[in-house]
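Colleague: Sending over a structure as structure tokens; questions will come in a sec.
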Amino acid sequence: MALRTCVFNAAGPKDVTLDELETIGKSRASAIVMKSCTLEPRQGNEEPRYSDVEKGSINSMGLPNLGYREYVKFADALKKHGKPVIASVSGLCTADNVEIIKSFNDSPVDAIELNLSCPNIKGKPQIGYDFAQMDEVLRETTKMCKKPIGVKLPPYFDFVHFEEAARILKKHNPAFITCINSIGNALVIDADKESTVIRPKGGFGGLGGAYIKPTALANARKFYELTGGKIPIVGVGGVFTGRDAFEFILAGATAVQIGTAFMQEGAGVFERVADELMLLLKTKGYDSLDDFRGKLKTC
Ligand code: DHB
């Protein structure tokens, strides 16, 4: 899949409606990722369910989306922007994922990002933390999906878990690995109000932004190492500047997605980060991302 720059939007922020997706289409984002979708439309969790916080964001949106049928239709309209359109699929069970992917198979989407890491559905654990279920859903989806299918992972924190996840991924050989989703079930407290800052699930939600960059870099790096650089890594988590994007490429990423910074700054963020990255390459004397991709040195 050819990308004009290595910078585009992460699934989630401002990508639910056709209007929002058109804004991403008109921006310098090099692809359009649509909101993670389910079989049926969902209202999502009660408000307030997103909050900017000092170094990032916390959310418990609860998968508000229009249902996959709308995103199949949107794909047609969004193709006019001349950049890849990526469907994010987050079915509530394996059968749902298969049904949704079947429909995207016959649509003009360029790729599918299978989301195995939504932390915000009450009573639904993240699939990426249940390796037997992850193996099953990848077995059932990778074989019937006719589009390049990548996997969006939750953050891992232990080398044993990285290795187990990588073993399963290599078995099913996805087209790309997107890491990381938000750090699930974090808690931000407002001491003045003696209150949580979001309402659902007692205030627990997915953490994004600068807090999570070191964890995101660790995940991008580990999966790059464990897959021998053979599966493209899409890095996401705490990208606010071209320098952040540079760090992800150095760790082994092929592209980066922007979530929290897009929420906070709007669609101008894609051009700013891409320009900053270009300038940094020039300063360092690099001609392309391949000159330094994955070439992180140990001090
Ligand atoms: C939502 C949050 C996620 O982190 C995700 O991967 C999918 C959906 C949400 O709450 O809407």
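Colleague: Which order results if Lys193, Lys102 are arranged by neighbouring Cβ count within 10 Å, fewest first? Before the final figure, lay out each step's value.
Modeller: On the way: Lys193 8, Lys102 13.
In order of increasing Cβ crowding within 10 Å: Lys193, Lys102.
Colleague: When only DSSP loop residues count, what chymotrypsin sites (Phe, Trp or Tyr not before Pro) in segment 58-149 have their Cβ near at most 16 other Cβ atoms within 10 Å? Provide the component values of the computation, followed by the final result.
Modeller: Working: sites: Tyr68, Tyr71, Phe74, Phe104, Tyr129, Phe131; in loops: none.
Listed in order of number, the matching sites amount to none.
Colleague: Here is a further query. Can you quote the Å³ per residue value for the convex hull of the Cα atoms in segment 113-154, rounded to an integer? It would help to have the intermediate numbers written out before the result.
Modeller: Details: hull volume 2.8 nm³, N = 42.
Hull volume normalised by residue count: 67 Å³.
Colleague: Name the most mobile residue of Cys118, Cys37, Cys93, meaning the one with the largest mean-square fluctuation, in a Gaussian network model of the chain with Cα contacts below 10 Å.
Modeller: The residue with the greatest mean-square fluctuation here is Cys93.
Colleague: Where the convex hull is taken over the Cα atoms of segment 53-159, what is its projected area averaged over directions, in nm²? All intermediate terms of the calculation are to be shown ahead of the outcome.
Modeller: Numbers: hull surface 34.4 nm².
Dividing the Cα hull surface by four gives the mean projection, 8.6 nm².
Colleague: Note down the magnitude of the dipole of segment 140-299 about its Cα centre, charges +1 on Lys and Arg C-beta and -1 on Asp and Glu C-beta and zero elsewhere, to the nearest 20 debye. Can you show the working numbers first?
Modeller: Values: 21 positive and 17 negative charges, 130 e Å.
So the dipole magnitude of segment 140-299 works out to roughly 620 debye.
Colleague: When the Cα centres of segment 9-75 and segment 88-142 are compared, how far apart do they sit, in Å?
Modeller: Each part's Cα centre sits 16 Å from the other's.
Colleague: Tell me which of Met1, Ala132, Ser60 sits at the most positive position along the dipole axis of the chain, charges placed on C-beta atoms (Lys, Arg +1; Asp, Glu -1).
Modeller: So the residue we want is Met1.
Colleague: Another question, then. Would you calculate a helix-derived [θ] at 222 nm for the chain, using -39,500 (n - 2.57) for each DSSP H run of n ≥ 4 and dividing by the full residue count, to the nearest 500? Could the numbers behind the result be given before it?
Modeller: Working: 9 runs with 105 residues, N = 299.
It comes out at -11000 deg cm²/dmol, rounded to the nearest 500.
Colleague: Would you mind checking which residues have amide H under 5 Å from Cys37's amide H? H placed 1.01 Å from N; only 5 or more apart, or other chain.
Modeller: Distant-sequence amide H within range of Cys37: Ser88, Val89, Ser90.
Colleague: What are the equivalent ellipsoid semi-axes of segment 142-251, built from the alpha-carbon gyration tensor (square roots of five times its eigenvalues), in whole angstrom, biggest first?
Modeller: Numbers: eigenvalues 171, 56, 32 Å².
Sorted largest first and rounded, they come to 29, 17, 13 Å.
Colleague: So what's the convex hull volume per residue for the Cα atoms of segment 114-189, in Å³? Don't skip to the answer; put the middle values down first.
Modeller: Working: hull volume 7.4 nm³, N = 76.
Once divided by residue count, the hull of segment 114-189 is 98 Å³.
Colleague: Follow-up. Apply the Kirkwood formula to segment 188-273: the hydrodynamic radius equals the inverse of the mean of 1/r over all pairs of different alpha-carbon atoms; give it in Å with one decimal. Each step should come with its number before you reach the end.
Modeller: On the way: mean 1/r = 0.0702 Å⁻¹.
Roughly 14.3 Å, rounded to one decimal.
Colleague: Each residue of segment 275-292 in turn: what ³J(HN,Hα) in whole Hz from Karplus with 6.51, -1.76, 1.60 and θ = phi - 60°, glycine and Pro shown as x?
Modeller: Per-residue couplings from phi come out as 5, 4, 5, 4, 5, 5, 4, 4, 4, 7, x, 8, 9, 8, 5, 5, 5, 9 Hz.
Colleague: Evaluate the Kirkwood expression for the hydrodynamic radius of segment 145-195, namely the inverse of the mean inverse distance over all pairs of different C-alpha atoms, and round to one decimal in Å.
Modeller: Working: mean 1/r = 0.0743 Å⁻¹.
Its Kirkwood hydrodynamic radius stands at 13.5 Å.
Colleague: Taking +1 at the Cβ of each Lys and Arg and -1 at the Cβ of each Asp and Glu, which of Phe162, Gly82, Gln43 sits farthest along the dipole of the chain towards its positive end, judged by Cα position relative to the Cα centre?
Modeller: The Cα lying farthest towards the positive end belongs to Gly82.
Colleague: Would you mind ranking Lys143, Lys222 so that the residue whose beta carbon has the fewest other beta carbons within 10 Å leads the list?
Modeller: Numbers: Lys143 9, Lys222 21.
By the 10 Å Cβ count, ascending: Lys143, Lys222.
Colleague: Taking H placed 1.01 Å from N in the peptide plane, check which residues at least 5 places from Gly62 or on another chain put their amide H under 5 Å from its amide H.
Modeller: Asn45
Colleague: Let me ask something else. Of Ala175, Ala255, Tyr286, whose Cα points farthest to the positive end of the dipole of segment 173-286 (charges on the beta-carbon: +1 Lys, Arg; -1 Asp, Glu; origin at the Cα centre)?
Modeller: Positive-most Cα among the choices belongs to Ala175.
Colleague: Give me a comma-separated list of calculated 3J(HN,Hα) values for segment 242-259, in order, Karplus coefficients 6.51, -1.76, 1.60 applied at θ = phi - 60°, integers in Hz, x for any Gly or Pro.
Modeller: Once rounded to whole Hz, the list reads x, 5, 4, 4, 4, 4, 5, 5, 4, 6, x, 6, 9, 8, 10, 10, 10, x.
Colleague: Between Glu194 and Asp158, how high is the FRET efficiency from 1/(1 + (r/R0)^6) when r is the Cβ-Cβ distance and R₀ = 25 Å? Nearest 0.05. Working shown, then result.
Modeller: Numbers: r = 34 Å, r/R0 = 1.36.
Calculated value: 0.15.
Colleague: Ok, one more. Quick check for me: using +1 on Lys/Arg Cβ and -1 on Asp/Glu Cβ, what's the dipole size of the chain about its Cα centre, in debye to the nearest 20? Mind showing how you got there, number by number?
Modeller: Numbers: 38 positive and 36 negative charges, 143 e Å.
Approximately 680 debye in magnitude.
Colleague: Another question about this same structure. Looking at the chain, I'd like the Rg to Rh ratio, where Rg is from alpha-carbon atoms and Rh is Kirkwood's inverse mean 1/r. Could you put the intermediate results ahead of the total?
Modeller: Details: Rg = 17.9 Å, Rh = 19.1 Å.
On the Cα set of the chain, Rg over Rh gives 0.94.
Colleague: Which ³J(HN,Hα) values, rounded to whole Hz and listed in residue order, are derived for segment 99-108 from phi using the Karplus coefficients 6.51, -1.76 and 1.60 in 6.51 cos²θ - 1.76 cosθ + 1.60 with θ = phi - 60°, glycine and proline given as x?
Modeller: Those phi angles translate into 5, 5, 5, 3, 5, 5, 3, 9, 10, x Hz.
Colleague: Out of the DSSP beta bridges found with both residues in the chain, what percent are antiparallel (nearest 5)?
Modeller: Antiparallel bridges make up about 40 percent of those DSSP assigns within the chain.
Colleague: Roughly how many debye, to the nearest 20, is the charge dipole of segment 13-121 about its Cα centre, given +1 on each Lys and Arg Cβ, -1 on each Asp and Glu Cβ, and no other charges? All intermediate terms of the calculation are to be shown ahead of the outcome.
Modeller: On the way: 13 positive and 16 negative charges, 70 e Å.
Dipole magnitude for segment 13-121 comes out near 340 debye.
Colleague: Between Thr241 and Thr17, how high is the FRET efficiency from 1/(1 + (r/R0)^6) when r is the Cβ-Cβ distance and R₀ = 22 Å? Nearest 0.05. Let's see the in-between values first.
Modeller: Working: r = 28 Å, r/R0 = 1.28.
Here the calculated transfer efficiency is 0.20.
Coordinate-derived values only; no laboratory data. Given the structure is predicted, the values throughout are model-derived calculations rather than measurements. Methodologically, a virtual Cβ is constructed for each residue, glycine included, from the backbone with ideal geometry; neighbour enumeration extends over all protein chains shown.
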